[in-house]
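Below: the structure, in structure tokens.
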Amino acid sequence: MLIYTHENPVVVANVQNLLTMAGIEVLLKNQFASGGVGELAAVDAWPELWLVNERQAEKAQQIIANAKRQGQREDWFCPHCKEQNGAAFEVCWQCETPFPE
Ligand SMILES: [Zn+2]
């Protein structure tokens, strides 16, 4: 089953590493897709991670959710005081409002 896809191959490779380190077997498809996708919609050319063992789907999805929350975050703006916070901050450094989900 398809477990993860993203337009950026680096992000997909990162998730693949995380899953592999957790003992989850995945296959990478569309690895060499690039421009010139012809009649395919652009999304069809994104690199895809496919889960080999579907019984590991729940664990894999947890790992991916964590990675999204932690690894790929960029600087964020506090919804309360509009302060800009660095990616590493879990709460606003100024008013301590938590990072918005
Ligand atoms: Zn704030």
Query raised in the report: For region 87-100, in order, what is each residue's ³J(HN,Hα) by Karplus, 6.51 cos²θ - 1.76 cosθ + 1.60 with θ = phi - 60°, in whole Hz (x at glycine and Pro)?
Result: 4, 6, 7, 7, 10, 4, 5, 8, 10, 6, 5, x, 4, x
Query raised in the report: In terms of Cα to Cα distance under 30 Å, which lysines are near enough to Lys82, apart from those fewer than 8 places away along the same chain?
Result: Lys68
Requested in this report: Would you pull out the residues with amide H under 5 Å of Cys92's amide H, same chain only if 5 or more places away, H placed 1.01 Å from N?
Outcome: Thr97, Phe99
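Read the figures in this text as sums done on the coordinates, not as results from a lab. Being a predicted model, the structure only gives us computed values, none of them experimental.
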